[in-house]
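Read-outs: derived from the displayed coordinates by stated rules, not from any lab. Computed from a predicted model, the values in this text were never measured in an experiment. Here Cβ is always computed from backbone atoms with ideal geometry, including for glycine, and neighbour counts include all displayed protein chains.
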Amino acid sequence: MVLYRFPFPLSLLNTRDKIFSNYEFIETGYRSQFSGLPGTGWRMSSIVEQILEEKRKQNAVILAHLYVDGEVQEIADFCGDSYYLSQMAQKTDAETIVFCGVEFMAESAKILNPEKLVLMPDRAADCPMAHMATPDDVAAFRATYDDLSVVCYINSTTELKTVSDVCVTSSNAGKVISNIPNKHILFIPDQNLGGFLAPQFPDKEFHFVDGYCHVHNFMDPSEVEALMAEHPDAKVACHPECNPGIRALSDYIGSTTGILKYANETDAKEFIILTEIGVAHRLRLDNPGKTFYFPETRPVCPNMKKVSLEKVLRVLKDHKDPIEVDPDIAEKAKNCLIKMHQWGG
Ligand code: SF4
């Protein structure tokens with residue numbers, strides 16, 4: 001069963017199933033047709049109803065990453081990976097954006113929508129990897145290589161985006177890099193995603209810093225091998241943020257959305273999934289006849305798990321601590337996000 005923090009009754013389960021069936025898969029993410037829960041008197045239903053009411057009153061849109069808890073994914077208007085959410089943030093005409101994810105995502109939304117109110121349910125939800133490269137690192141590489149393009153994973157600080165040439169996500173990195181004329185690529189901050197991409201561009205020379213996502217980097221290949229031995233018919237799908245040992249064991253390597261698509265479209269009945277466990281929610285809903293296994297050491301991002309329904313409601317009500325980005329910094333950082341959208345399709 002999917003991870004929920006408190007039990008809910010069967011009647012509510014049925015309602016939730018209905019809600020899920022109203023989700024429409026649109027290419028790279030999920031757009032909700034969610035129109036509200038009938039009043040059940042249950043605590044969660046009450047919170048959900050209040051969120052929907054506030055959302056309507058304030059012309060707000062809720063964006064949720066696939067790594068946040070399932071119940072938060074359910075109340076989102078749009079649910080997907082970083083690229084999809086960045087696209088939705090760019091397109092929305094809502095006045096307020098509630099970003100259920102980590103800080104770099106909400107900051108990117110603010111950079112793309114400086115006039116909008118951008119809120120995070122928990123301002124402490126940050127991605128450690130975003131801080132694993134610095135402008136000084138970039139300056140040092142620029143001083144060494146004339147023909148250098150700085151490619152910045154969207155999981156990075158705004159400051160880092162101001163000194164980069166283009167942003168990428170794991171969904172569009174290949175497409176974006178194929179547009180870059182330079183010989184030298186400094187790929188920051190994730191050396192695992194960079195290491196996955198580099199062999200696809202043999203004419204280029206990739207350079208890295210020592211950045212990684214702790215959730216994906218520290219998965220243990222021996223645990224995965226044990227799972228594979230236990231489930232020999234299972235297909236193995238991993239995120240490119242995983243370490244090379246994990247990638248070498250995988251039948252499929254792709255973004256969070258890519259993994260969902262792979263599981264949806266592949267005939268196999270069993271899958272070993274090597275990315276953050278929040279995707280289990282969507283995988284199981286989309287594929288009731290399939291079984292998904294995760295490593296015993298659960299890949300859980302503690303920052304994504306800071307987001308809760310209660311916090312979504314609270315921030316919608318109090319508007320506390322909205323995302324602010326200095327306009328001059330935002331203008332500089334925006335260039336590499338805009339270029340990503342132009343080149344990434
Ligand atoms: S899963 Fe990894 S990359 Fe994503 S927010 Fe958490 S620490 Fe950052």
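See the values below:
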item	result
Neighbour-limited loop hits for GluC sites (Glu not before Pro), the range 69-136 (at most 15 other Cβ within 10 Å; DSSP other than H, G, I, E, B)	Glu95, Glu115
Total charge dipole magnitude, the range 220-298, about the Cα centre, Cβ charges on Lys, Arg, Asp, Glu only, Debye to nearest 20	300 debye
Overall form of the chain per C-alpha gyration tensor (a/c, 1.5; a/b vs b/c)	oblate
Pairs beyond 24 Å (Cα-Cα), from Lys57/Lys332; Lys204/Lys339; Lys55/Lys305; Lys306/Lys334; Lys306/Lys339; Lys261/Lys332	Lys57/Lys332; Lys306/Lys334; Lys306/Lys339; Lys261/Lys332
Euclidean distance between Cα centres, the range 282-331 to the range 233-253, Å	23 Å
Semi-axis lengths (Å, descending) of the ellipsoid that matches the C-alpha gyration tensor of the range 205-278	22, 15, 10
Rg(Cα)/(2.2 N^0.38 Å) for the range 296-345, N = residue count	1.73
Antiparallel content of DSSP bridges confined to the chain, in %, to 5	15 percent
Proximal aspartates and glutamates to Lys161, defined as alpha-carbon separation beneath 15 angstrom and excluding residues fewer than eight positions away on the same chain	Glu103, Glu107, Asp136, Asp137, Asp190, Asp326, Asp328, Glu331
The chain, helix-only ellipticity at 222 nm - DSSP H runs n ≥ 4, -39,500 (n - 2.57), divided by all residues, nearest 500	-12000 deg cm²/dmol
